[in-house]
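**Q** A single structure is presented below for examination.
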Amino acid sequence: MKKYILIFLLLISFNYSFSDQIHKTESGFPSKPIKIIVYTSPGGLIDITTRKFTEIAAKYSDATFVVENKPGAGGIVALKKVLSQPADGYTLFACTKSNISKFVSTGGTAYITALDWLAMLMADPECVITNRKMDISDWDEIVKDAREKKGGQIWVGPDTGGLDHVTSIKIWEQFDFKSKWIPYKSGGKALAALLGKQGQAYVGNPREVLGNPDLKIAAVSSETRLEQFPDVPTFKELGSNELSNEYMWRGFAIKKGVPNEILNWYSELFQKVNNDPNWRIFWEKGGIEVVYYGPETFEEIINSDTKFFQHYLEKIGIIKTDSDNVLANLGTGKEFALLVLLFLLINLIVGFLVYNSRNRKLLSRILIITFFLSLSILFYILSFVFPESDVVGPSVVPRLWIFLLIPLNILLLIKTLTNKNKVEEPGGNVNKVLKYILFLIVYLVGIYFLGYYISSFAFIFVSMYILGYRKYGTMLIISFGWIVFSYLIFYKTLYVPLPIGRIIEILF
Amino acid sequence: MEILSHLVEGFGVIGGFIPILIIMLGVIMGIIAGAMPGLSPSMGVALLVPFTYTMSPTLALILLVSIYIAANYGGSITAVTINAPGTPASVVTAFDGYPLTKKGKPGIGLGVSLISSTVGGFIGTLILIFFSAPLAKVALKFHPAEYFALAIFGLTTVASLGGKNWIKAFIAAIFGLLINTIGIDPISGVSRFTFGISFLYDGFALIPALIGLFALSEIFKQLEEGGHKAKAKVDLSSNWPTIRDYLKLKFTIIRSSIIGTIIGILPGAGATIASFISYDATKRLSKNPEDFGKGEVRGVAAAEAANSSSVGGALVPLLTLGIPGSATTAVLIGALMIHDLTPGPRLFVSNPGLVYGLFASLLVANVVLLVFGLFGSRLWIKVTNIPKKILFPLIFAVSIIGSFAVQNSFFDIISCLAFGVFGWILRRNKYPVAPIILGMVLGNIAETNFRRAVMMGGYDVFFTRPASLILLILGLVSLIFAFIKSNKNPKINKMKGAK
């Protein structure tokens, strides 16, 4: 009898351990690996979030997750990748609040409505960090100092128009002062400036003070004090009611149009991961709040974030309000096409004139000079599109380079024309190179349509043939060896998603 | 000394079979990543980070720094043998390394680059271990005005790089600076010259440009000259530097290592600038500067010692302040975070084993690199003997996959090819292409710091801060000197303009 009870218990526990698994949907989702697109390089916080997620998710589902890094343009490149895939639920977008800022400033709301916002999994309150070693490090002193300096106080942080920047503008508004925002390439470099006493305050994440005892959180924008930092006052305590809910979130989105059944499958998975003790411990130790907001609440948060960024980005001048400015179209519109046409025309005319003159042998030399000159002029004209700024604006430095490039080229042109007898036109088999370049272009087109492996095999093989190599056995081994090498090293070890080609993607 | 006893503990941490194996693995992977045009040290480390997520934090860190060190050396292999610098910093190594190969002496270039790399790496690590705290304090004092002045000082190296072709060299450098302004303006957040193409929001990536300008243009050039038909005849058995040859380079290596470490410490500067500046310093101090660019071993030694020692420097702000000093250390911070560790001064207290284990592994990795390099050099030198008909297609294949791997972007492959064609046209018209890379590396540093400095303290800040003023004067003086030396009819006004 005991034996049967034991077996019974075993069966129950067996059953129990499996009941935790999320089963496939009725239509059999997922039947292939799920790709998660991350908009930063490996090592970024969202990358770590995603990889930790896949690790925990593996406990609850037998789906395979593949993380793909698509860095660039603050998430626009990753977003375009997600939107280029079919809405079949196999491509997730790992996103953060920073993306909303970028989407609002580049594509407007079109980017935001193209996605279903599945789940928000984490939230870190924004905080003001100061340097203990400086005379002023408490919030009240910062405010007092800022009002005294009347705009001369310096705040440092990453990324103009990003969450930290926009949050600090909101903080200034609430406390009725204005400081200077000096942006750095990354939060780390801005923190270095704070430690070097070049700025008075930094806006970021509470976790950023953990490594260095000189850093101190002056105020935090959460509803109540943080557990890890019980001495840090909230903005609410300091007198502002509007700053108790400023936080950076991380979560997942998916292209619009995925069947409900699959959305529910994800919803269940996200909740399971959110409740997992390992997941919670891992993040909470680092001072990150683990949350779960499902599609409906998340959507609301996104809507309010969108309005938030629209309001402040207009204020900073990143979103242009006066689009009827004639120059504004120069960057992209019809006027721009005309400019480029003009650019090509100048070069063609110069080329034609020189070719039909006595200076024919100087053709390539003069064309390079006109290329640089016309490029300078083109960029100079385009630089008028940039908004003006009271201090050094975005057009100052490009124009500085242009003003150096133009006289140097004119000088070179004079030198070239006066020393023309010394010139020897580089000789050699130019046609061969041009043919080879054409062949390389064919290879690139091949990669795009037929994928990396097929095209590279063909390219290496034919390329050796073109160069005059005729040992076919060796050619086969080398071409094939390269394919194996790139598959094992780049695809398998380094997770570089080599293109499989549009045609193959459509067929399979 | 406390540090020494900690260091002994550190060696204890990495004393086992597994850590040594990990270091060896890291060094091999680093050499491959560095040698592969397209995988820069930061790329190599970044791509392998996911691989370390499941390891213990100490092993993960050991693996990543071994890769970091070896990758800085690896770049010189392809720079010397085929003029395809594997990393941006090894562009400078190619200046004299490749001419050595062309002269049939690739062994000299490879030998010198290996020894300079490992000695430089060692010196950088020692400076890191013993002087990191005071140096970090100095680095923090570096104001945007000084960063700008440093960038300008770096740009003045173009004057001596260009020699008689100085106008073309400056045009190339300024072209690099100008295309570096393409993308979202880091200060105001507006997009500049992007033409609505989202791939251009971050500007042209450096690595595809580097591969195109060097590796591809070199092959185009050789195809034009019929180089693919020529059979390389290099005597592989002889032509290695002797101990005496190495000893002659001792001052060059030590000086360049110190320059490299110091520049490596400054957050945002880095290996590439360090190589350019120490190459320039070595050339200026030399009795026969005209030999540089034609296969002068001191040039190779200066470049390699500087870029390898910058690794130790870059780790200074990471460990003492918790701030990444380079792209690679930024990746290291991410790697530490997934293991629940926050880099910074507290790490010395909370995880001394990890920190000193890291120091010990840096020293060991340099030794391992030396051993592998010595054996390996006999292997890489054979690259120069592969028939060009096989080698060229493979270089194209590597270039294309390498450009793609930078951001998994097809656009980068296209830009690599475009830079290749452009570089070929420029080179056949006697424009040096290295200044373009220098311009692309320095452009962002120069511009953002210029604007930050002015926003913080107005235009006169560059002249009222002593360090910035000294750097600017040094730059001006070096320009004038380079100029008087290279040109009988100096157009100094023009050169001042270039500043």
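Since every read-out is calculated from the coordinates, none of them should be taken as a lab result. Just so it is clear, the model here is predicted, and its values are computed rather than measured. Reconstructed Cβ throughout: ideal geometry from the backbone, glycine too, with neighbour counts over all protein chains shown.
**Q** Label residue A:470 and residue A:434 with points 7 Å out from Cα along Cα→Cβ: what is the distance between them in nm?
**A** Result: 2.8 nm between the two label points.
**Q** Please return the longest stretch of chain A lacking exposed loop sites, where GluC sites (Glu not before Pro) count only if DSSP places them in a loop and at most 14 other Cβ atoms lie within 10 Å.
**A** A:27-222
**Q** Now for a different question. Is there a simple number for the mean count of other chain Cβ atoms within 10 Å of the Cβ of residues in A:468-477, and what is it?
**A** The per-residue average across the peptide is 2.
**Q** Using 0.36 nm per residue of separation minus the Cα-Cα distance, give me the extension gain between residue A:505 and residue A:223 in nm, one decimal.
**A** 96.7 nm
**Q** Hey, what did the range A:403-508 get for relative contact order, percent, Cα under 8 Å, at least 6 apart?
**A** Relative contact order of the range A:403-508: 30 percent.
**Q** Can I ask one more? I'd like the FRET efficiency for residue B:4 and residue A:134, computed as 1/(1 + (r/R0)^6) with the beta carbon distance as r and R0 of 41 Å, rounded to 0.05.
**A** Rounded to the nearest 0.05, the efficiency is 0.75.
**Q** Could I ask something else about it? Given H placed 1.01 Å from N in the peptide plane, which residues other than close sequence neighbours of residue A:184 have an amide H under 5 Å from its amide H?
**A** Under 5 Å from the amide H of residue A:184: A:157, A:159.
**Q** Consider a paramagnetic label point 7 Å from the Cα of residue B:340 along Cα→Cβ; state which residues of the range B:30-71 have an amide N under 12 Å from it.
**A** B:57
**Q** Another question, if that's okay. Over the protein assembly as shown, what portion of Cα pair distances is larger than 54 Å, expressed as a whole percent?
**A** Value for the protein assembly as shown (Cα pairs over 54 Å): 14 percent.
**Q** How big is the range A:430-507 along each principal axis, measuring the range of its Cα positions in Å and listing the largest first?
**A** Computed over the range A:430-507, the largest-to-smallest principal extents equal 37, 25, 22 Å.
**Q** While we're on this one: Classify the range A:326-422 from the C-alpha gyration tensor, please: rounded if a/c falls under 1.5, else prolate or oblate depending on whether a/b exceeds b/c.
**A** Cα axes put the range A:326-422 in the oblate bin.
**Q** A further question follows. Starting from the Cα-Cα distance between residue A:148 and residue A:263, subtract it from 0.36 nm times their residue separation and give me the gain in nm to one decimal.
**A** The residue A:148-residue A:263 span can extend by a further 36.0 nm.
**Q** Between residue A:66 and residue A:487, what FRET efficiency comes out of the Förster formula 1/(1 + (r/R0)^6) with R0 = 22 Å and r the beta carbon distance, rounded to 0.05?
**A** 0.90
**Q** Where the eigenvalues come from the Cα gyration tensor of the range A:127-245, what are the semi-axes √(5λ) of the equivalent ellipsoid, largest first, in whole Å?
**A** With the √(5λ) rule applied to the range A:127-245, the semi-axes are 18, 17, 14 Å.
**Q** Using a simple spin-label model with points 7 Å from Cα along the Cα→Cβ vector, what separation in nm is obtained for residue A:477 and residue B:251?
**A** 5.1
**Q** By counting other Cβ atoms within 10 Å of each Cβ, how are B:391, A:378, B:114, A:79 ranked from fewest to most?
**A** A:378, B:391, B:114, A:79
**Q** Follow-up. Membrane-span-like helices in chain A: DSSP H runs reaching 27 Å or more (Cα, own axis), mean Kyte hydropathy at least 1.0?
**A** A:334-355, A:363-382, A:396-418, A:430-450
**Q** Between residue A:303 and residue A:348, take the C-beta separation as r, use R0 = 51 Å, and let me know the FRET efficiency to the nearest 0.05.
**A** With R0 = 51 Å, the Cβ-Cβ based efficiency is 0.50.
**Q** From the backbone phi of the range A:112-121, what are the Karplus-calculated ³J(HN,Hα) couplings (6.51 cos²θ - 1.76 cosθ + 1.60, θ = phi - 60°) in whole Hz, Gly and Pro given as x?
**A** Per-residue couplings from phi come out as 6, 7, 7, 10, 9, 8, 6, 7, 9, 10 Hz.
**Q** Something else now. Can you show me the helix-derived [θ] at 222 nm for chain B, built from DSSP H runs with n ≥ 4 at -39,500 (n - 2.57) apiece and divided by the number of residues, rounded to the nearest 500.
**A** Per the formula, -24500 deg cm²/dmol.
**Q** Just tell me how shielded B:169-177 is by partners: mean number of partner chain Cβ atoms within 10 Å of each residue's Cβ, no decimals.
**A** Taking all residues of B:169-177 together, the mean is 5.
**Q** How shielded is B:386-396 by partner chains, expressed as the average number of their Cβ atoms within 10 Å of its Cβ atoms?
**A** Partner Cβ neighbours, averaged per residue: 6.
**Q** Fewest Cβ neighbours within 10 Å first, please rank B:378, B:451 accordingly.
**A** B:378, B:451
**Q** For the range A:201-327, what does the convex hull of the Cα positions come to per residue, in cubic angstrom?
**A** Cα-based convex hull of the range A:201-327, divided per residue, equals 180 Å³.
**Q** Here's something else I'd like to know. State, as an integer percentage, the relative contact order of chain A based on alpha-carbon contacts under 8 Å between residues 6 or more apart.
**A** Once normalised by length, the contact order is 14 percent.
**Q** Once phi is turned into θ = phi - 60°, what whole-Hz ³J(HN,Hα) does the Karplus curve with 6.51, -1.76 and 1.60 give for every residue of the range B:415-427, x standing for Gly and Pro?
**A** 5, 4, 5, 4, 5, x, 5, 4, x, 5, 4, 5, 5
**Q** Among A:163, A:353, A:342, B:249, rank each residue by its count of other Cβ atoms within 10 Å, from fewest to most, as a rough exposure measure.
**A** Taking fewest neighbouring Cβ atoms as first place, the list is A:353, A:342, B:249, A:163.
**Q** Anything over 18 Å Cα to Cα? Flag those among A:133/A:216; A:52/A:285; A:150/A:178; A:435/B:430; B:103/B:389; A:32/A:256, in the order listed.
**A** From A:133/A:216; A:52/A:285; A:150/A:178; A:435/B:430; B:103/B:389; A:32/A:256, over 18 Å: A:435/B:430; B:103/B:389; A:32/A:256.
**Q** Chymotrypsin sites (Phe, Trp or Tyr not before Pro) within the range B:424-473: which are DSSP loop residues with at most 16 other Cβ atoms inside 10 Å?
**A** Loop-located and lightly packed - B:459.
**Q** While we're here: Where the Cα atoms of chain B are projected onto their three principal axes, how long is each span, largest first, in whole Å?
**A** 60, 60, 50
**Q** Between residue A:359 and residue B:418, how many nm apart are label points set 7 Å from Cα along the C-beta direction?
**A** Once both label points are built, they end up 2.8 nm from each other.
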